[in-house]
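Only one structure is covered here, and it is reproduced in the block below.
The values are calculated or read from the model by the stated rules, or taken from the named source; none is laboratory data. Computed from a predicted structure; not experimentally measured. As a convention, Cβ positions derive from the backbone with ideal geometry for all residues, glycine included, and neighbour counts pool all protein chains shown. Protein only, heavy atoms only, side chains kept; ligands, DNA and RNA dropped before computing areas. Shrake-Rupley method; radii C 1.70, N 1.55, O 1.52, S 1.80 Å.
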Amino acid sequence: MNKPTLAAVGLYSLILVSLVVCYIVFRPRTEQSQLTPPAIQPTTEQSPTTAAWMKSLPDQTPLAELSIPGTHNSAALHEPIRSTAQCQTLSIEQQLEAGVRFLDLRCRHLNDEFHLYHGIVDQRLSFSNCLATMADFLKRNPSETIIVSLKEEGQSKDNTRSFAETFLTYAQAEHWHLTPEIPKLGKSRGKLVLLRRFGSELPLGIDATNWKSHQHHATDQLIIQDFYSPETPEAKWLEFIKSSADKSPGKLHLNFTSAYLKRSFGVPDIRGISDPINQRLLDYLKDQTPPKKGIIIIDFITPSIAAEIIRLNGQ
């Protein structure tokens, strides 16, 4: 039998990828609550105090001076092919109960509503339901605050208004902190603090629109390390460590451990980074002592990793 040519293999791969994309784009939408959920990591490691770990911190504590567990693509629980789109195994509620206080939410703007996506992959969760989960958590834990990074994802469709205008329809509730300054804990308890990654004519939340990837950079309010496509896990780890050394006061420090490796035809391999990085991160954190490490933003966070970050606040 003749061996397939390189061109034939390439054509086959292109057809396969096209079929997957068509499946993602055209299958009917279903909310997460109506689906069989993905496998969830056991949460028996959680301490009862992680749901309210900010309670013992003084009101005068600036958010910029805390060590905060965060998640990258926080709502990304679904994917068509393993390691291509899923970034978490814990639901939003489980992340909050484990102590996560920074959520990275990517919303596609459809019919004047927001729906959670990762790239072109629908995560089967409306922003309304996600918002209800966060609001319920804060009602039960009024000592806490959640920093919400909100970014427009994908192509908008069938809208009569801008992304910012639609956001304001969700922001009418009393649980948002929308002023541009980085608040102290006392001013933000029980609230969602907006980190805005979308354009707005109005001053709305903490401005993070000047976002540069693949480099360590700073704005007036932020320090950002989001080197998301390294050649190797080691290269990503070195960027994380380098950024960790920046102790600039008064700025929110966003230090991502998340990234992906590029496989054949540009297919992403998220677990190719998270699997080796997360164990290394846990070992690293166990050796650390206060003061702050900033917001550490992670793929596939576990309660153990979240607890080690919380510990660095002197708890």
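Yes/no matrix, rows are residues, columns are (1) under 18 Å from the mean Cα position of the chain (by Cα); (2) surrounded by 21 or more Cβ atoms within 10 Å (Cβ to Cβ); (3) farther than 24 Å from Trp211 by Cα; (4) aromatic (Phe, Trp, Tyr):
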{"site": "His253", "(1), (2), (3), (4)": "yes, yes, no, no"}
{"site": "Arg263", "(1), (2), (3), (4)": "no, no, yes, no"}
{"site": "Gly266", "(1), (2), (3), (4)": "no, no, no, no"}
{"site": "Pro276", "(1), (2), (3), (4)": "no, no, yes, no"}
{"site": "Thr289", "(1), (2), (3), (4)": "no, no, yes, no"}
{"site": "Ile305", "(1), (2), (3), (4)": "yes, yes, yes, no"}
{"site": "Glu308", "(1), (2), (3), (4)": "no, yes, yes, no"}
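Quickly run through the range 41-87 and pick out the residues that are hydroxyl-bearing (Ser, Thr, Tyr), at pLDDT below 95 and over 17 Å from Ile309 (Cβ atoms).
Hit for the range 41-87 is Thr44, nothing else.
Identify, by number, the condition in (1) in contact with a Ser or Thr (Cβ under 9 Å, 6 or more places away or on another chain); (2) open to solvent by 50 Å² or more (accessible area, probe 1.4 Å); (3) touching a residue at least 40 places away in the same chain (Cβ under 8 Å); (4) not hydrophobic (A, V, I, L, M, F, W, C) that Arg196 doesn't meet.
(2)
Out of Arg161, Arg124, which single residue is in contact (Cβ under 8 Å) with a residue 60 or more places away in the chain, more than 28 Å from Glu65 (Cβ to Cβ) and charged (D, E, K, R)? Break it down into steps so the answer makes sense when it comes.
Working: Arg161 fails: in contact (Cβ under 8 Å) with a residue 60 or more places away in the chain.
The match here is Arg124.
Take Ala132 and decide whether it is open to solvent by 40 Å² or more (accessible area, probe 1.4 Å) and among the hydrophobic types (A, V, I, L, M, F, W, C). I'd like the intermediate steps shown before the answer.
Values: open to solvent by 40 Å² or more (accessible area, probe 1.4 Å): yes; among the hydrophobic types (A, V, I, L, M, F, W, C): yes.
For Ala132, the condition - open to solvent by 40 Å² or more (accessible area, probe 1.4 Å) and among the hydrophobic types (A, V, I, L, M, F, W, C) - is met.
Can you name the residue in the range 206-231 that is over 19 Å from the mean Cα position of the chain (by Cα) and surrounded by fewer than 13 Cβ atoms within 10 Å (Cβ to Cβ) and is also farthest from Phe163 (Cα to Cα) among such residues?
Within the range 206-231, the match that is farthest from Phe163 (Cα to Cα) is Glu231.
Having 1 or more residues that are of a type in the set (Phe, Trp, Tyr) and at negative phi is the bar; report the strands (runs of 3 or more DSSP E) wholly within the range 198-296 that clear it.
Values: elements: 216-218, 222-225, 252-256.
Those strands (runs of 3 or more DSSP E) span 252-256.
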